[in-house]
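To start, the structure under review is shown below, and the notes come after it.
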Amino acid sequence: GAVVSQHPSWVICKSGTSVKIECRSLDFQATTMFWYRQFPKQSLMLMATSNEGSKATYEQGVEKDKFLINHASLTLSTLTVTSAHPEDSSFYICSVGADEQFFGPGTRLTVL
Amino acid sequence: AQSVTQPDIHITVSEGASLELRCNYSYGATPYLFWYVQSPGQGLQLLLKYFSGDTLVQGIKGFEAEFKRSQSSFNLRKPSVHWSDAAEYFCAVGAPGDYKLSFGAGTTVTVRA
């Protein structure tokens, strides 16, 4: 299966700052990547579909201006949380693949 | 749109005992079904998947699951649990050709000695 990495694995930032999270597909050419968010003790919720070379597709209720997604190559998608607030603190996980998805190890974001 | 229900929020089982985790899905056709396991602070590990064919699916770590179309279920089982099986388990459903997944709320498994 595909190997997916995320960087950083955890990040702490101050309220109002922006944070960029990278998702790399190490051995799979990914025209599409998915970003999920997981709040503590909760399930994963799909945030958006990252499309290589075009705009991301956001799920209902997800603010596209707050969660900026860039998918500039077949191996890298980035999620930037802009003007982060404490309520954005969560575990962010990306996935790549086709009928079977392969997940990254996740990024823990804490906004103070 | 597809959805998944995991009725059991938390299950406690003795080491060596059998385990069954329930999963019910809602989807108009035959979905793709998955079970993932997540240890605290970690990503997801795929235990097994069902796309088509034999409705009894074998996975890693001694897990198996059975797809029952009539009951819209995909329950996960393990005959004898180990202390290392303590984790969060998620059932997920996907539509063929649409790679997005919908996850259930998860079931926390605690293993007592």
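Per-structure values
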{"quantity": "All positions within the range B:61-84 that are out of contact with any Phe, Trp or Tyr (no Cβ under 6 Å at 6 or more places or on another chain) and within 26 Å of B:Ser3 (Cβ to Cβ)", "calculated": "B:Phe63, B:Glu64, B:Glu66, B:Lys68, B:Arg69, B:Ser70, B:Gln71, B:Ser73, B:Asn75, B:Arg77"}
{"quantity": "Qualifying residue in the range A:59-73 (condition: at the interface with chain B (Cβ under 9 Å from one of its Cβ atoms) and on the phi > 0 side of the Ramachandran plot)", "calculated": "no"}
{"quantity": "Residue in the range A:92-111 that is more than 10 Å from chain B (Cβ to nearest Cβ) and of a type in the set (D, E, K, R) present", "calculated": "no"}
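Per-residue answers, yes or no, for (1) surrounded by 15 or more Cβ atoms within 10 Å (Cβ to Cβ); (2) within 14 Å of chain A (Cβ to nearest Cβ); (3) over 11 Å from the mean Cα position of the chain (by Cα):
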residue: B:Pro7; (1), (2), (3): no, yes, yes
residue: B:Ser26; (1), (2), (3): no, no, yes
residue: B:Tyr32; (1), (2), (3): yes, yes, yes
residue: B:Gly59; (1), (2), (3): yes, yes, no
residue: B:Glu64; (1), (2), (3): yes, no, no
residue: B:Lys68; (1), (2), (3): no, no, yes
residue: B:Ala86; (1), (2), (3): yes, no, yes
residue: B:Phe103; (1), (2), (3): yes, yes, no
residue: B:Val111; (1), (2), (3): yes, no, yes
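FYI, it's all coordinate maths here, none of it is from the lab. Quantities reported herein were computed from a predicted structural model and do not represent experimental measurements. In this analysis, Cβ positions are derived from the backbone assuming ideal geometry, glycine residues included, and neighbour counts consider all displayed protein chains.
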